[in-house]
1. Output the residues belonging to segment 157-199 that are in contact with a strand residue (DSSP E or B) (Cβ under 7 Å, 6 or more places away or on another chain), basic (K, R) and open to solvent by 20 Å² or more (accessible area, probe 1.4 Å).
2. Pick from segment 9-23 the residues that are within 16 Å of the ligand (Cβ to nearest atom) and either at pLDDT below 95 or in a loop (DSSP other than H, G, I, E, B) (or both): which of them is least open to solvent (accessible area, probe 1.4 Å)?
3. Of the conditions (1) at negative phi; (2) exposed (fewer than 13 other Cβ atoms within 10 Å of the Cβ); (3) within 16 Å of the ligand (Cβ to nearest atom), N139 satisfies every one except a single condition; which number is it?
4. Would you point out the residue of segment 75-102, among those that are among the aliphatic types (A, V, I, L, M) and part of a loop (DSSP other than H, G, I, E, B), that is nearest to the ligand (Cβ to nearest atom)?
5. So, S133, is that one small (G, A, S), more than 13 Å from the chain's Cα centre (by Cα) and open to solvent by 10 Å² or more (accessible area, probe 1.4 Å) or not?
6. Give the residues of segment 168-192 that are within 13 Å of the ligand (Cβ to nearest atom) and not small (G, A, S), sorted by residue number.
7. Out of segment 228-254, which residues are open to solvent by less than 30 Å² (accessible area, probe 1.4 Å), away from the ligand (no atom under 12 Å from the Cβ) and among the polar types (S, T, N, Q)?
8. Would you tally the residues in segment 39-51 being in a loop (DSSP other than H, G, I, E, B) and either open to solvent by 50 Å² or more (accessible area, probe 1.4 Å) or free of Cβ contacts under 8 Å to residues at least 60 places away in the same chain (or both)?
Amino acid sequence: MNKQLRCPVIAGNWKMNKTPAQAKELLDAMLPLVADAPCKVVVCTPFVDLPVALAACAGINVEVGAQNMHFAESGAFTGEISASMLTEMGVSYVIIGHSERRQYFAETDETVNKKVLAALQAGLKPIVCVGESLQQRENGETDALVSSQVRAALAGVSADRLQDVIIAYEPIWAIGTGKTATSAQANETCGVIRAAVADLYGQDAADRLVIQYGGSMNAGNAAELLAQPHVDGGLIGGASLKAPDFSAIVHAAE
Ligand code: PGA
C-alpha cells in the first residue's frame, strides 16, 4: 500500500448553508488562506451558489463541486439538476449518496449507482459517500455494509473511469455530532473500502483510489486522521463554513 500514489483531496460540503452573497463573503475570506494548499481543494456548494463559487475559484487551485444531481440527462423531473447542466457551468465534482440524502431523500444504493454512472459519463468526478449508523457499528455490521455500498455504487464503472472516483467514508454517527471516529476506526474502515475496491479492480487500482474520511473532522483532529495510511483526505461539513478552520484542515493534509 503506497500512500504516495494518491494526492489528498480536502472537500468542503457546505450542505444547505450560505446564500450567494454569504457564499462570496466566505470564499473571499477562505480562498487566500488555501492558495498554497499542499493538496487538492474542492468546495461543494448549494446549486444557487455555484456561479459565485466558480467565479471566485477561476484560475486558482480550488475546484467547485455540487452536492447532488439527477441521473437522467433531461426530462420531466421537476426541481432536479442534471450532470451536463453542472459540467456546462464548469463544475468538476459532485457529492453522491451523502447519508443525509439517503436518509431524508430516499436515495438508495441503486440510485447512487445510477448517479455515479451518469456523473462519470458527463465528465464529473463523483465523491461517493458510504458509512454506517451507530446501530450498525454496534452490531458489527460496518465492514459488510460499507463493502456492499461500495460494490453497489461502482457497479458498471470501468477500471479506467475509477481514477475519477473518490469514496468518502462517513460514519453517520460522526456527522455533525462533534463525535469523530478515532483515527484507528477511520483507517480501518477506509482500509476495508480499499480492500473491496482491490477485489473488484485489483490492488494497483485500489492503491490509487482516494478515500476520504468525513464526520466532524476539524482543525484539531485533522492532522491525526489525515496521517492514517488509508485516509487520503476529508469531506468536511461544519468546519468548511469557517475560513480559518477549513484552511487549517487543508494545511494538515501535507
Ligand atoms: P461534518 O459533516 O463535518 O459537519 O460532520 C461531514 C459531512 O456530512 O460531509
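The values are calculated or read from the model by the stated rules, or taken from the named source; none is laboratory data. If you're wondering where the values come from, they're calculated on a predicted model, not measured in any experiment. When we count neighbours, we look across all protein chains shown, and the Cβ atoms used for this are built from the backbone with ideal geometry, even at glycine. Side chains are part of the model used for accessible areas, which takes the heavy atoms of the whole protein and leaves out ligands, DNA and RNA. Shrake-Rupley method; radii C 1.70, N 1.55, O 1.52, S 1.80 Å.
1. Within segment 157-199, none qualify.
2. W14
3. Among (1) at negative phi; (2) exposed (fewer than 13 other Cβ atoms within 10 Å of the Cβ); (3) within 16 Å of the ligand (Cβ to nearest atom), N139 violates only (3).
4. So in segment 75-102, the residues among the aliphatic types (A, V, I, L, M) come out as 76, 81, 83, 85-86, 89, 91, 94-96.
Then keep just the ones that are part of a loop (DSSP other than H, G, I, E, B); that gives 76, 81, 91.
Numbers: A76: 30, I81: 19, V91: 18 Å.
Residue satisfying both the conditions and the ranking: V91.
5. It is true that S133 is small (G, A, S), more than 13 Å from the chain's Cα centre (by Cα) and open to solvent by 10 Å² or more (accessible area, probe 1.4 Å).
6. Across segment 168-192, the qualifying residues are Y169, E170, P171, I172, W173, I175, T177, K179, T180.
7. S247
8. Qualifying residue count for the region: 2.
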